[in-house]
2 protein chains.
Amino acid sequence: MEKLSKLATLVRHYILACSTQAGSGHPTSSLSATELMVALLFGGIFRYDADEPQHPNNDRLIFSKGHASPLLYSLWAAAGRLSEEDLMTYRTFGSPLEGHPTVAFPYVDAATGSLGQGLAIGVGMALNAKYLDRLPYRTYVLVGDGEMAEGSQWEAIQLAAHYRLDNLIGVLDVNRLGQRGPTMYGHDLEAYERRLSAFGWETIVIDGHSFPQILDAYQRARSVSGRPVMIIARTIKGKGVSFLEDKNGWHGKALNREEFERALAELGEVDKTVHAEILTPEDFYPEERKPASIEEMQYPRGRAVATRDAYGRALKRIYPQYPLLVSLDGEVSNSTKAEIFREAYPDRFFEMYIAEQNMVGVALGLAYRNKIPFVSTFAAFLTRAFDQIRMSQYSEGNIKFVGSHAGVAIGEDGPSQMGLEDIAMFRTILDGVVLYPADAVATEKLVEEAARHHGIVYMRTTRGTTPVIYSPNEPFPIGGSKVLRKSDGDAVTLIGAGVTLHEALAAYAELRREGIFSTIIDLYSIKPIDGGTLRKAAQRTRAVLTVEDHFAEGGIGEAVRSALAGEFVPVHSLAVRRKPRSASPEKLLDYEEISRAAIVRKVKECLGDATCALRAPRAVGGSR
Amino acid sequence: MEKLSKLATLVRHYILACSTQAGSGHPTSSLSATELMVALLFGGIFRYDADEPQHPNNDRLIFSKGHASPLLYSLWAAAGRLSEEDLMTYRTFGSPLEGHPTVAFPYVDAATGSLGQGLAIGVGMALNAKYLDRLPYRTYVLVGDGEMAEGSQWEAIQLAAHYRLDNLIGVLDVNRLGQRGPTMYGHDLEAYERRLSAFGWETIVIDGHSFPQILDAYQRARSVSGRPVMIIARTIKGKGVSFLEDKNGWHGKALNREEFERALAELGEVDKTVHAEILTPEDFYPEERKPASIEEMQYPRGRAVATRDAYGRALKRIYPQYPLLVSLDGEVSNSTKAEIFREAYPDRFFEMYIAEQNMVGVALGLAYRNKIPFVSTFAAFLTRAFDQIRMSQYSEGNIKFVGSHAGVAIGEDGPSQMGLEDIAMFRTILDGVVLYPADAVATEKLVEEAARHHGIVYMRTTRGTTPVIYSPNEPFPIGGSKVLRKSDGDAVTLIGAGVTLHEALAAYAELRREGIFSTIIDLYSIKPIDGGTLRKAAQRTRAVLTVEDHFAEGGIGEAVRSALAGEFVPVHSLAVRRKPRSASPEKLLDYEEISRAAIVRKVKECLGDATCALRAPRAVGGSR
C-alpha cells in the first residue's frame, strides 16, 4: 500500500509536470483517477507484457475519458517505459504523446477523446476474448461520469450484458464535475448504480481514492461470472492539490509555473526510485486458423442479382481464406444479406441490434484484436456512427463498412431509409477507401479486396437487382475503374457507379442510335479514384457527365471534378437534387434526373452549350 | 368500448388495404399498436384540433416507430380526415402518404423512419410546453421495442427525467419481434420497466390489446407529476390476423391479394359508419413576445476576437429582436460561448449534457413548436448527430447548428477534437446553409441572418482569435461573398474562409512584395455559394486556389470546383491532407500546408505549371 501511495504521488507529479510544460491539458481529470489506475496497473491486477504490447493475452486498458491522457502517459513513465524527457514532449509536434491518446503511443489500444466511445471498443475486445480467441485476458475501461450521458455508452452497456461479458470491467470515475460545471447526477453514485444494475451489470461502489477499497473492488470484479462489472468510484476532481480539489472552472486547464510549484509543495516528497511492476500475462495464444482455399464464384452474365446478395455470398465464400473475418450487423441482416454469412458461420457473426454507434466501436475493438470486421446496416444508418467512424481513422482501424439500400433506387420506403450522403461521409476519411460495385461479380471481387486491404473501407450496395455485366475473371483492384464503352469518335464521357452505371449503359445505347458516341466508365472505386483513366477519357471527349444516386455534395461528381481539376473539360453532374419521395425506383430515378432518359437529355444539352463548343477544337469529333 | 373495438377493426382494415394496395409497407408493426393508438386518439385522451394542426395547445403525437405509417394514416382515415381513395395513394409518387411519415402529411409533427429519434423530438415538444410556452398540451410518442436499443433513446430518457417532463408520455409497443427476428428482451416487459424506472420514469405495464387497461393507463399517466411516463404494452405483432400473429418473417411485408382477402375474413364485419371523435384542446395560446429593438455591435477594426466569442455575444445581442430564440448546448457552453447567452437569458438556455443526438432531436421538437433553436457543440461532435441532422431536413426543421473548434487551428488538443468533416457533412443537407465567418463582425451578422432564415443553417466558429476586418455596417447576406483584394493585374484568385482567409491575406501581402497580385475572396457562405462572384474572378485570373482548414473531400475546394465546373480554369485546393497531430496551431497550419507560407509556395507553383500556362492567354497579365 505504501508503495502504491508513493507511486500515486509520483504519477501526480508527472501529471502536473507534463501538463504545465505543455501549457494545456487536463490535469484535474487525471488526478481524480490516479489511485484507480495506479492500483490497477501496479497493484497486481493488470497483466500486460509491455515488451510485447500486441501479446494476444495482454489485458487491455482503454481510456474512454481520453482527456485524462496526462495520467495515461504518467503511468507509463512511472512504469519506466517513458523517460521524463519524453514525457515532457507531451502535446508537442511529432511526439507520440498527443493531447488525447492516439495509437502513436505504443500502449494505446484505441484513440479516444470523443467521449462515450471507449466502452464499445472494450465490448469488442471482450467479445473477442470470450467468443473468438477464447483467451482469459480482461478488458478494463476507464469511464468518465460526464460521458455517461452519451447514449452510445448505454448501447455498449446493454450489449455487454446481453453477451454476458464477465471479462469486461468498467471503472467509472465519478468526479462530479464536467467541463462547464456539475454533471447530471453529481456525486449521486446510487444513480449510476441503479441504472447499471437495471441494465444487468454487477456494480461495486467505492471510494476511488482508497487503495484497500480499490484493490478489493478489482478482486471482486474478477470473480464475477456471467455479467460485466462496473466499479463506481467516488472521486475528487483535482485530488491531491487543495486549490484544485472539487473546484469548478479547472477543467482542461494546466497550472502555470507558480501554481505548479505550489501544487508540488502540497504533494510532498516524490520518490522517483519506487519500482512500479506490472504483472505479465500467461503466455496463451489463440488457436491458429489456417487459411483454406475457396471456391470460385458463378454468375452467368445477364442474370439479375442484387449487389447486397452478392455481398452476403461473398462473405460466406471467402471466409475460409480469411479466417479472421467477423460479421457484425445492426438488426437488418436479412436486408443487408449478412444473414447468408450468419447462417453459414454463426460463430463468426454478432448481432449488434439497432445500435450503430456501439456496432462501430465493437468493430474497432475486434479490429484491434486482429480481426477483420465487416459491419453492415443500411447506408443511411451508418450516419448514426459518423463520430465513431471518424475516430476510427485515428486508431488506424481495420474496419470494413457495408451500407445497403443506397440511394433513391430503394423506392417506396422513402427518404428516411435512403443512403444519400454516405459517399460524402466516407470520402472524408483520410486514406479511406470507398467502393460502389455495379454488379454481383464486382461486389464479390471487391469484398475480397476489402478483406485484403488494411484500413477503413466502405462499400455501398444496392437493394434492387442489377444484371451481371462482368466475367468472373475480371480483376477489380482498389483505385481502379472500368472503361466499358469507348470509340474514337466519342463526344462525351459518362461516369456512373452502382445503379447509375446501368442507366448510363442504357443511355449509351439510345445516344448511339442517334449517332452520339460515348465513353462509359464504371467508377467502382470512388476513393482512391482512378485519375489516370479519367484524365485520358476527359482529354478524348468534349465533356464529362457523372451520374450518381447520391446528393451532389461530396459525391461522385465532386470526386471526379477534383480528379480532373487540372483538365480544361466541363464536368457536368447529375445527382439527387430534390427532396426524394416515396415511389417506385424508376419513377424516382426520373424525378431526380439520374435515369437513362435524364442522361440522354443532359448529354444533348451539354453538347449544345457554349462551354462544350469552346472545347470542340480539342476533341476528335462528336459523331460518325 | 364497443365503439373503440369497431374503430380498431376499421383501422386494421385500412392498414391491410393500403399496404396491400401499395405492395409494400409494414402492416404487422401497425397491427400491434392499433388498440394503443385508437384508444389514445378516439378514447377521449388526445386533444387535437385537426382543423388547425398547428394550434399551439394541440397534444402532439410522434410515431417514433415510423414504419407503422399505415397505422398513422389509417387513424386519420378513420377520423374522417382522409378519404379511402386518398389512403390508397399510400407510397405512390406525389402522395403525402409516404412510406415513412414526413411532414408532407399535415398531421405529422416530425419525419421519422430512422429509429430511436422520436423520443428526443418529444422531449423538445414537452420542454416547450413546460418551460417556454407554458401550455398544458401533452406529447405522446409511440416507441417500438426494437428501437429501444438505440442509445439516443436513453439520452432522451435521461434528459426527460432530468427536466421532470410529466407532460411527456411514451407508449412502448413491445411486440417482441424486430426486423430479422426477436428483439434483445422479447416479451420481458420487466426488463424495460426496470431500466426505465432506474432512469427516473414512471412505468405502467399493460396488455396493449385491452382497451380498459389502455384507457386506464392513459388516465394514470396524465395524473403523474414530476416525471415522464412510459406505458409499456405487451402486444402481438400482426395482431388480428392469425397467420401473421407473433410470426417472424413478416416484418415490412405487405399481404398479397389472396392473403389480404383471408385476413379481411378474419377481421369480421367492418363498420365504416362508426364515428371517430377526437377531443379538441382548450384554446390557450402562449404569451406573446414582441420583438424589441437591439443594440448595434461594437468591434474596432484590428481587435483580436474569437468568432466563437462573437457567436455568444451575438445570441445575447439579437435575442430581444428574436424572442423565439432558444439555445441548446452539449455541456461545452464555456467553449462554444453559448454561456454568454445562458448567463443573460437562463430561461432560454437548456443544458443538453454530453448527448448530441438527443440535443438535435430536442431542437427539432422545439423548432416544430415555433422556436428558433441554436444548437452548439464542438464541430467535431456534431458528427455524432449526423443521422438526426439528416432526418431533420425531411421534417423541414428550422435549426441553427453552430460548431466551434473547427479544424487543425485548435492546436494541441489533437485530432479527436478537430472538426474536419463538418462542412462536408452539412453541405449534403438539401437546401441547407453553411456559413464560416472569418471575424467577429461577420459572425454577428451571420448569426442574425441564420435566425432570420427559415431552415437548416450550419455555422462554423474558430477557437483562437482572428482580427476584426469588417466594419459593423458591412452586410453579410446568405449566399454572398466578399472580394477583399482585387486589381486588374491579378494572377490568381485566393479563396479562404475562417482562419484561412487570414492566411490568404498574409500571403497576399507577401506575394505582392514579389510583384504577384491576387484577388482575395472571403467565402463566408459556402452553401449557397456565390457562383457569380467566383466565376467573374476565375475569368479574370489564371488560376484559382482554395485554402481550407478541413479535409479536402466535400469541403470548400470541392464546393468551388462545382461552382466553377463550367469555367476553363484550374482550381487548386489546399486542405488538410495528412493525419493531424497535437501541436501549436501555427505548426499545424504549416504541417497541413494551409498556412500563409504554403499559400505563397502553391501560388508560385501553379503559376509555373503547364495548365496555368495554357490559361495565360486569357488572363490580363500576372504582375506589374
(1) touching an Asp or Glu at 6+ places or on another chain (Cβ under 9 Å); (2) modelled with pLDDT under 95 all hold for B:Gly94 apart from (1)
Filtering strands (runs of 3 or more DSSP E) wholly in the stretch A:496-559 for at least 1 residues that are farther than 19 Å from A:Gly480 by Cα gives A:518-522, A:543-551
Selection from the stretch A:146-164 of residues more than 7 Å from chain B (Cβ to nearest Cβ) and open to solvent by 10 Å² or more (accessible area, probe 1.4 Å) yields A:Ala161, A:Tyr163, A:Arg164
Within the stretch B:105-128, the count of residues that are buried (at least 24 other Cβ atoms within 10 Å of the Cβ) and either charged (D, E, K, R) or more than 14 Å from every other protein chain (Cβ to nearest Cβ) (or both) comes to 7
Counted residues in the stretch A:368-414 being surrounded by fewer than 24 Cβ atoms within 10 Å (Cβ to Cβ) and either among the β-branched types (Val, Ile, Thr) or without any contact (Cβ under 8 Å) to a residue 60 or more places away in the chain (or both) come to 2
Restricting the stretch A:279-289 to residues that are at pLDDT 95 or above and part of a loop (DSSP other than H, G, I, E, B), the one nearest to A:Asp347 (Cα to Cα) turns out to be A:Pro286
Residue hits (the stretch B:439-489; in contact (Cβ under 8 Å) with a residue 60 or more places away in the chain, surrounded by fewer than 24 Cβ atoms within 10 Å (Cβ to Cβ), of a type in the set (Asp, Glu) and assigned to a loop (DSSP other than H, G, I, E, B)) are B:Asp488
Condition set open to solvent by 10 Å² or more (accessible area, probe 1.4 Å) and more than 24 Å from the chain's Cα centre (by Cα), scope the stretch B:165-176, selection nearest to the other protein chains (Cβ to nearest Cβ): answer is B:Arg176
*Is it fair to say B:Thr377 is among the β-branched types (Val, Ile, Thr) and facing chain A (nearest Cβ under 8 Å)?*
no
Listed by range, helices (runs of 4 or more DSSP H) wholly within the stretch A:1-105 having at least 2 residues that are among the basic types (Lys, Arg) and in contact with a helix residue (DSSP H, G or I) (Cβ under 9 Å, 6 or more places away or on another chain) are A:2-22
All-but-one check, B:Thr102 against (1) modelled with pLDDT under 95; (2) surrounded by fewer than 24 Cβ atoms within 10 Å (Cβ to Cβ), failing number (2)
Condition set in contact with a Pro (Cβ under 7 Å, 6 or more places away or on another chain) and of a type in the set (A, V, I, L, M, F, W, C), scope the stretch B:285-324, selection nearest to B:Gly240 (Cα to Cα): answer is B:Ala292
A careful count of residues in the stretch A:183-214 that are away from chain B (no Cβ under 14 Å), open to solvent by 30 Å² or more (accessible area, probe 1.4 Å) and over 32 Å from the mean Cα position of the chain (by Cα) gives 6
Restricting the stretch B:331-368 to residues that are within 13 Å of chain A (Cβ to nearest Cβ) and small (Gly, Ala, Ser), the one nearest to B:Leu382 (Cα to Cα) turns out to be B:Ala355
Going through the stretch B:575-590 in order, the residues found to be within 18 Å of A:Tyr394 (Cα to Cα), open to solvent by 50 Å² or more (accessible area, probe 1.4 Å) and either assigned to a helix (DSSP H, G or I) or in contact with a His (Cβ under 8 Å, 6 or more places away or on another chain) (or both) are none
Within the stretch B:407-438, restricting to residues that are among the β-branched types (Val, Ile, Thr) and not in a helix (DSSP H, G or I), the one that is farthest from the other protein chains (Cβ to nearest Cβ) is B:Val433
Kindly indicate whether A:Tyr311 is of a type in the set (Phe, Trp, Tyr) and either part of a loop (DSSP other than H, G, I, E, B) or more than 17 Å from A:Ala344 (Cα to Cα) (or both). no
Given the conditions (1) within 21 Å of A:Leu366 (Cβ to Cβ); (2) open to solvent by 10 Å² or more (accessible area, probe 1.4 Å), every one holds for A:Gly66 apart from (2)
Of the residues in the stretch B:543-570 that are farther than 20 Å from B:Leu505 by Cβ and either of a type in the set (A, V, I, L, M, F, W, C) or away from chain A (no Cβ under 12 Å) (or both), the one that is surrounded by the fewest Cβ atoms within 10 Å (Cβ to Cβ) is B:Phe568
task: For the stretch A:303-324, state whether one or more residues are within 15 Å of the chain's Cα centre (by Cα) and open to solvent by 10 Å² or more (accessible area, probe 1.4 Å).
output: no
The number of residues in the stretch A:175-185 that are assigned to a loop (DSSP other than H, G, I, E, B) and within 18 Å of B:Ser333 (Cα to Cα) is 7
Taking the stretch A:1-59 and keeping residues in contact with a Ser or Thr (Cβ under 6 Å, 6 or more places away or on another chain) and open to solvent by less than 10 Å² (accessible area, probe 1.4 Å) leaves A:Ala8, A:Val11, A:Ile15, A:Gly25, A:Pro27, A:Ser32
Restricting attention to the stretch B:312-362, the residues that are of a type in the set (Phe, Trp, Tyr) and under 20 Å from A:Gln357 (Cα atoms) number exactly 1
When A:Val305 is run through (1) farther than 30 Å from B:Ile354 by Cα; (2) modelled with pLDDT of 95 or more; (3) not in a strand (DSSP E or B), the failure sits at (3)
Per the filter on the stretch A:187-246, residues β-branched (Val, Ile, Thr), touching a helix residue (DSSP H, G or I) at 6+ places or on another chain (Cβ under 9 Å) and in a loop (DSSP other than H, G, I, E, B) are A:Thr235, A:Ile236, A:Val241
Of the residues in the stretch A:69-94 that are open to solvent by 10 Å² or more (accessible area, probe 1.4 Å) and of a type in the set (S, T, N, Q), the one that is nearest to the other protein chains (Cβ to nearest Cβ) is A:Thr92
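The values are calculated or read from the model by the stated rules, or taken from the named source; none is laboratory data. Not measured: the values here are computed from a predicted model. As a convention, Cβ positions derive from the backbone with ideal geometry for all residues, glycine included, and neighbour counts pool all protein chains shown. We work out accessible area using only protein heavy atoms, side chains counted, and drop any ligands, DNA or RNA first. Shrake-Rupley method; radii C 1.70, N 1.55, O 1.52, S 1.80 Å.
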